[in-house]
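J.: Please find one structure pasted underneath; my questions will follow.
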Amino acid sequence: MKLLSKRKKNKYNKKYNILIALAGLIILGYILYAIINLIKSPTDVFIVEYGNVSLEESAIGYLIREETVIKGNNYQNGIVQIKTEGEKVSKGDYVFRYYNNSEEEITNQIKEIDNKINEALGKQTDIFYADIRSLDKQIEQKIETLSSSTETSKIREYKNDINTFLTKKSKIIGKKSSSGSYINQLYEERSLYEAKLTETTEYVTAPISGIVSYRVDSYENVLTTSDFSKINKELLEGLNLKTGQIIATNDQEGKVINNFECYIATVMKSDSALNAQVGQKVKIRLSNKEEVEATIEYKSDVIDEEVVLVFKITSKVEDLISYRKISFDLIWWSDTGLRVPNSAIIYDEENNPYIIRNRSGYLDKILVKKLKETKSYTIIDNYKTEDLKEMGYSIEEIRKMKKVALYDEIISKPQKQMLQ
């Protein structure tokens, strides 16, 4: 009897151990299942936040400007810049001049005369030094001002003043110095060389107001603002330009650019581009991350499901004068409000969108209005009472409806049966 009882007890323990093992396997399986689901869906809830959504796309654009190329007769000699790159000019201002063929020779001759004058002055003891010093100081001031001035009328005025001071100085020296006639002769000789240098130097002025650039690339007469209908895909691609390449500086000619506006031409095939309208307002994000307002100035006919768009911008024009082809982001629209992921929105039988809010374990179905939508996020809002009435809801139904609010916790991937 004892042996039989012991066998029954062992059999019972074996069954018990099997049940424990099975229970452990079930629990382990459930844990694995939960982990797999967590990996597949790492976020079950989402906090409603106030955020921004926008519809954007990247594009390549060609810069079109009102550009007037300026060039003189002595372009082979090379340019001496009076106005620097990007500097503003008025019509008639000196922009640059060309090197004189004999400029170096004349300059050296003037330096030799100056050395002779200084040597002769150093030997004088019977002249009025106070008067000479005063004139020297005035001459130095005028020369310093002349070097920094770019206005035509001022340059002429300063040159006349300098000549007047030099004449006075030579007269004083001529009257008060024993060798005044020799020094006076040197000054006259110097004046002749200065006049020769000035008369034979070609100055180029601005034909219009704008900003100066020496980056001339020969496309100024190709990409013009006169007729955008001539801009097409074949023309743009045929230019063989590199995106973001800086235009090389030219040492023979310059140009004056309209700094109030410029245009960006691009070829696009998105739905937004195909449905765009002339006059439509958009935003352009440049490579430096700055955003500028833009207007669609021109839209071509659709060819092979592509369209040429020309955007007009009126700010940051100076930042673009070094480029002809750029990359940019086109922002078709941007909106701000209560932002939720698209995965949090489901639809009822009438195709009305709603979300499921989780508040302390209680789930509420909340009807929402979709304002703007991208591939990932949607800006939502609550319906007004008037809108709900027009949609056919009764006053009692409207009274029972919940509203979504900032920082609400909503189910990110809800199932329709959650509220059934």
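J.: Under 6 Å by Cβ, and 6 or more places apart or on different chains, what pairs join a residue from segment 390-412 that is at pLDDT below 95 with one that is in a helix (DSSP H, G or I) and surrounded by 15 or more Cβ atoms within 10 Å (Cβ to Cβ)?
T.: Final answer for the pair search is Ile398/Leu388; Ile410/Ala344; Ser412/Ser343; Ser412/Ala344.
J.: Okay, next question. For segment 352-392, give me the residue count where each residue is in a loop (DSSP other than H, G, I, E, B) and in contact with a helix residue (DSSP H, G or I) (Cβ under 7 Å, 6 or more places away or on another chain).
T.: The total comes to 1.
J.: Just the residues that are hydrophobic (A, V, I, L, M, F, W, C) and either farther than 23 Å from Ser394 by Cβ or under 41 Å from the mean Cα position of the chain (by Cα) (or both), please, taken from segment 364-384.
T.: Val368, Leu371, Ile379, Ile380
J.: Would you pick out the residues in segment 393-402 that are under 21 Å from Asn358 (Cα atoms) and part of a helix (DSSP H, G or I)?
T.: Passing the criteria: Glu397, Ile398, Arg399, Lys400.
J.: Of everything in segment 282-305, what is in contact (Cβ under 8 Å) with a residue 12 or more places away in the chain, farther than 16 Å from Phe328 by Cβ and of a type in the set (D, E, K, R)? Give them in sequence order.
T.: Matches in segment 282-305: Lys299, Glu305.
J.: Exactly one condition in (1) free of Cβ contacts under 8 Å to residues at least 60 places away in the same chain; (2) in contact with an Asp or Glu (Cβ under 9 Å, 6 or more places away or on another chain); (3) aliphatic (A, V, I, L, M) is false for Met268; which is it?
T.: Of (1) free of Cβ contacts under 8 Å to residues at least 60 places away in the same chain; (2) in contact with an Asp or Glu (Cβ under 9 Å, 6 or more places away or on another chain); (3) aliphatic (A, V, I, L, M), only one is false for Met268: (1).
J.: Write out, first by first residue and then by second, each pair whose Cβ atoms fall under 6 Å of each other, whose residues are 6+ apart or on separate chains, and whose first residue, in segment 48-59, is more than 23 Å from Ile355 (Cα to Cα) while the second is among the charged types (D, E, K, R) and assigned to a strand (DSSP E or B).
T.: So the pair list comes out as Glu56/Asp329; Ser58/Asp329.
The values are calculated or read from the model by the stated rules, or taken from the named source; none is laboratory data. Since the structure is predicted, the reported quantities are computational estimates derived from the model, not experimental observations. Positions of Cβ are backbone-derived with ideal geometry, glycine not excepted, and every protein chain shown enters the neighbour counts.
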